[in-house]
1. If you go through the range 261-301 one residue at a time, how many are basic (Lys, Arg) and touching a helix residue (DSSP H, G or I) at 6+ places or on another chain (Cβ under 6 Å)?
2. Cβ-Cβ below 7 Å, separation at least six or inter-chain, first residue in the range 12-31 and in a loop (DSSP other than H, G, I, E, B), second aliphatic (A, V, I, L, M) and buried (at least 17 other Cβ atoms within 10 Å of the Cβ): which pairs?
3. Out of 267, 258, I need the residue that is outside any helix (DSSP H, G or I), surrounded by 17 or more Cβ atoms within 10 Å (Cβ to Cβ) and among the aliphatic types (A, V, I, L, M). Which one?
4. What number of residues in the range 116-150 are crowded, with 16+ Cβ neighbours inside 10 Å and either assigned to a loop (DSSP other than H, G, I, E, B) or among the hydrophobic types (A, V, I, L, M, F, W, C) (or both)?
5. Would the range 263-283 turn up any residue that is under 15 Å from residue 236 (Cβ atoms), of a type in the set (Ser, Thr, Tyr) and under 20 Å from the mean Cα position of the chain (by Cα)?
6. For the range 92-102, check the following and say yes or no: at least one residue is of a type in the set (Lys, Arg), touching a Ser or Thr at 6+ places or on another chain (Cβ under 7 Å) and part of a loop (DSSP other than H, G, I, E, B).
7. When both residues are 6+ apart or on different chains and their Cβ atoms are under 7 Å apart, which pairs have a first residue that lies in the range 167-178 and is under 10 Å from residue 242 (Cα atoms), and a second that is hydroxyl-bearing (Ser, Thr, Tyr) and surrounded by 20 or more Cβ atoms within 10 Å (Cβ to Cβ)?
Amino acid sequence: MLNAAITHSGKFSLQVNQAASAAQWERLQGSAPENPFFTAEYALARQRLGEIPLMLELGAELCLAFLRRGRVTSGLEITSLPFSPSDAFLSGLVDFCKDRRIYETELNTFASRALRIAALPREIERRARTEFVIDLTVPASQWKIGETHRRHIRRAEKSGVSVRRVRTEALKDHLSMCAHSLSRRKERGEIVASVGDSPEFSEVLLQGVGELFQVIQGDAVLSSILVLRSRTGAYYHSAGTSKEGMELGASHFLVHSVARTLQEESVEIFNLGGAAIDSPGLRAFKSRFGAVAVETEAVRAVLCGAVHRRFVEALHAMKNIGSRR
């Protein structure tokens, strides 16, 4: 998949390889076949954005990371931790980051199972995360959907809307729907990040790991979800709904329709993604589809050596001084 190899074997025996073997991919995907972030297609999408996919391995612990190289320093992200990392794994990770002068490291848990991350040196941020998962091996008739959600679904069904499956040709509509939803959340006082024209959206669609499901009425798109797929799982990457769609219950109808479609295609897990503690509306929306809460956490830390850390911090300070003039 890649043209060159980065290898590293530090004193804690953490193996870091850019040229991952077929056996490593099979092990990684086999450890959590429901996780789309462990697919080669997802890794290729990130690679096309300029990041370097790396396999990190220590004994039975194996995960995928992405290296971002800048002019002065680099960053490392583990998008989805498949295990609670051992002390030896974390020590090896610190050793690797020092050796490669990687300033900031992120340990994320998108589509991960419930886990905790031990304390790291020089943590910038530690966040509790909750994701909401629908077990599609349970018959749809037994899903514990909230009564309000059921009313919204029935309202949309009676309005005559339909669901289409599309890819990059409908990305503009998806971004527009996301902007509508983020605007409403911001008006409610929630802290939200702008979606913008994110190149990741386009790449996951182009590489086939992502697919758009959209509620339409006539020529109008009312709601949209970007879903990432793996062998047996699906992940709610991003979504949005227009004001008109909200009035019709389009977002509730769409999530329910996607879940039913995935179940018909033998998908076992539909992960509705996360919702922060300060987003009560989003937490309620996702949980009331009968989804089970999965508690994890995410950490950002500065793991490079002291000399490189002081160098980067000095550059940041100089930049901040210059911006105030």
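The values are calculated or read from the model by the stated rules, or taken from the named source; none is laboratory data. This is a predicted model, so every value here is computed, not measured. Cβ atoms come from the backbone with ideal geometry, glycine included; neighbour counts cover every protein chain shown.
1. The first filter runs over the range 261-301 and keeps only residues basic (Lys, Arg), leaving 283, 286, 288, 300.
With the extra rule that they be touching a helix residue (DSSP H, G or I) at 6+ places or on another chain (Cβ under 6 Å), the set shrinks to 288.
The total comes to 1.
2. 13/58; 14/56; 14/58; 14/93; 18/52; 18/54; 20/55
3. Values: 258 fails: outside any helix (DSSP H, G or I).
One residue alone meets the criteria, 267.
4. Step one: of the range 116-150, the residues crowded, with 16+ Cβ neighbours inside 10 Å are 117, 120, 129-134, 136, 143, 145, 149.
After this cut, where a residue has to be either assigned to a loop (DSSP other than H, G, I, E, B) or among the hydrophobic types (A, V, I, L, M, F, W, C) (or both) as well, the list is 117, 120, 132-134, 136, 143, 145.
Residues flagged as crowded, with 16+ Cβ neighbours inside 10 Å and either assigned to a loop (DSSP other than H, G, I, E, B) or among the hydrophobic types (A, V, I, L, M, F, W, C) (or both) within the range 116-150 amount to 8.
5. Yes, the range 263-283 has at least one match.
6. Our first condition is that a residue be of a type in the set (Lys, Arg); within the range 92-102, this holds for 98, 100-101.
Still in the list and also touching a Ser or Thr at 6+ places or on another chain (Cβ under 7 Å): 100-101.
After this cut, where a residue has to be part of a loop (DSSP other than H, G, I, E, B) as well, the list is 101.
Taking every residue of the range 92-102 in turn, at least one turns out to be of a type in the set (Lys, Arg), touching a Ser or Thr at 6+ places or on another chain (Cβ under 7 Å) and part of a loop (DSSP other than H, G, I, E, B).
7. Between residues of the range 167-178 that are under 10 Å from residue 242 (Cα atoms) and residues that are hydroxyl-bearing (Ser, Thr, Tyr) and surrounded by 20 or more Cβ atoms within 10 Å (Cβ to Cβ), the close pairs are 177/223; 177/224; 177/241; 177/242; 178/238.
One line per residue, one yes/no per condition, for (1) farther than 27 Å from residue 228 by Cβ; (2) touching a Phe, Trp or Tyr at 6+ places or on another chain (Cβ under 7 Å); (3) at pLDDT 95 or above:
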| position | (1), (2), (3) |
| --- | --- |
| 48 | no, no, yes |
| 57 | no, no, no |
| 62 | no, no, no |
| 69 | no, no, no |
| 75 | no, yes, yes |
| 78 | no, no, yes |
| 98 | yes, no, no |
